[in-house]
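Colleague: Sending over a structure as structure tokens; questions will come in a sec.
The values are calculated or read from the model by the stated rules, or taken from the named source; none is laboratory data. Source: prediction; values computed, not measured. Methodologically, a virtual Cβ is constructed for each residue, glycine included, from the backbone with ideal geometry; neighbour enumeration extends over all protein chains shown.
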């Protein structure tokens, strides 16, 4: 069986695509590599923020569903998303940056031998920076070369995803027997699971919590997390595998930028399996990634209709020069 290669992307829900773009572009210095719409709900923006080249394993994406209520954090949710930075010194830089830009954060802490810095955005979406200083395992991506963050401190990709769960025994068995993760460490009620080459880019941290009320999805919460598979052939293996264990799945889905399978693996926990390619550069040149409204071929005939639904957002950056600070 071809193991999962690590985390592919995390998709969350925002109250405002405009504020979301401002936060990720100007505060976090992650590159908008695709401005498109939810393929299942064409009135909804879908924004993809990633590394310099839009590499698999580096992107966090957002829906802005019109009229959706604020989510409620609790148990049975993908509770936090991590971003990788090169070193412990990078975290010192980010503390100062967050203080200056009034981003709420916890200060630098340590978990499973890695320095971390947790913070939230305007929606109370939960994030964490994690240092790669002592990391081993799957390589990270390339920082946005023309972004506002000095390259030695910039975000390079996704780190561990956090899952808070009420039925830990079931979730552990699912991760190990179905998804082929291995539990590698435990601290209190938190358990570290790794897959493939392991390390920050291939980890899930599971927090056992049967006390908190059930989480409720809405803006400020994660919609789903995706894991990397090499190509269509490996994806087909995972489709067969998930079917053999009796999971209800989406079956094969072509998302144009990658090919996917979705499976509800636990109450309110949706995982996706996504191919590394084709990627985000098929319809836009490197220099202007994310600047136009990009639509997959099957939605292109509806462009005029879609452009009436979604209000314009100015995402042109190729004509601007960011001063690294």
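Colleague: Select from region 240-264 the residues that are under 18 Å from residue 195 (Cβ atoms) and either exposed (fewer than 14 other Cβ atoms within 10 Å of the Cβ) or touching a helix residue (DSSP H, G or I) at 6+ places or on another chain (Cβ under 6 Å) (or both) and list them in ascending order.
Modeller: Residues satisfying the conditions are 245, 261, 263.
Colleague: Restricting attention to region 294-309, does a residue exist that is part of a loop (DSSP other than H, G, I, E, B) and farther than 18 Å from residue 40 by Cβ?
Modeller: No, region 294-309 contains no residue that is part of a loop (DSSP other than H, G, I, E, B) and farther than 18 Å from residue 40 by Cβ.
Colleague: I'd like to verify a number: residues in region 199-239 that are out of contact with any strand residue (DSSP E or B) (no Cβ under 6 Å at 6 or more places or on another chain), part of a helix (DSSP H, G or I) and surrounded by fewer than 16 Cβ atoms within 10 Å (Cβ to Cβ), how many?
Modeller: 3
Colleague: Also, I was wondering about something else. Could you give every pair whose Cβ atoms fall below 7 Å, whose first residue belongs to region 17-46 and is over 15 Å from residue 316 (Cα atoms), and whose second residue is modelled with pLDDT of 95 or more and part of a helix (DSSP H, G or I), counting only separations of at least 6 or pairs across chains?
Modeller: Matching pairs, first to second residue: 27/101; 37/306; 42/302; 42/306; 45/17.
Colleague: A follow-up question, please. Kindly indicate whether any position in region 142-156 is within 22 Å of residue 227 (Cα to Cα) and either over 20 Å from the mean Cα position of the chain (by Cα) or in a strand (DSSP E or B) (or both).
Modeller: No, region 142-156 contains no residue that is within 22 Å of residue 227 (Cα to Cα) and either over 20 Å from the mean Cα position of the chain (by Cα) or in a strand (DSSP E or B) (or both).
Colleague: Can I ask one more? In region 50-97, what count of residues is obtained for those that are farther than 21 Å from residue 17 by Cα, touching a strand residue (DSSP E or B) at 6+ places or on another chain (Cβ under 9 Å) and without any contact (Cβ under 8 Å) to a residue 40 or more places away in the chain?
Modeller: 2
Colleague: A further question follows. Working only within region 88-126, note down all residues that are part of a strand (DSSP E or B) and at positive phi.
Modeller: The answer is 107, and nothing else.
Colleague: Considering only region 19-41, state which residues are more than 17 Å from residue 101 (Cβ to Cβ) and at pLDDT 95 or above.
Modeller: Scanning region 19-41 gives 31, 32, 33, 34, 35, 36, 37, 38, 39.
Colleague: Considering 59, 64, which residue is closer than 27 Å to residue 213 by Cβ and within 17 Å of the chain's Cα centre (by Cα)?
Modeller: The conditions single out 64.
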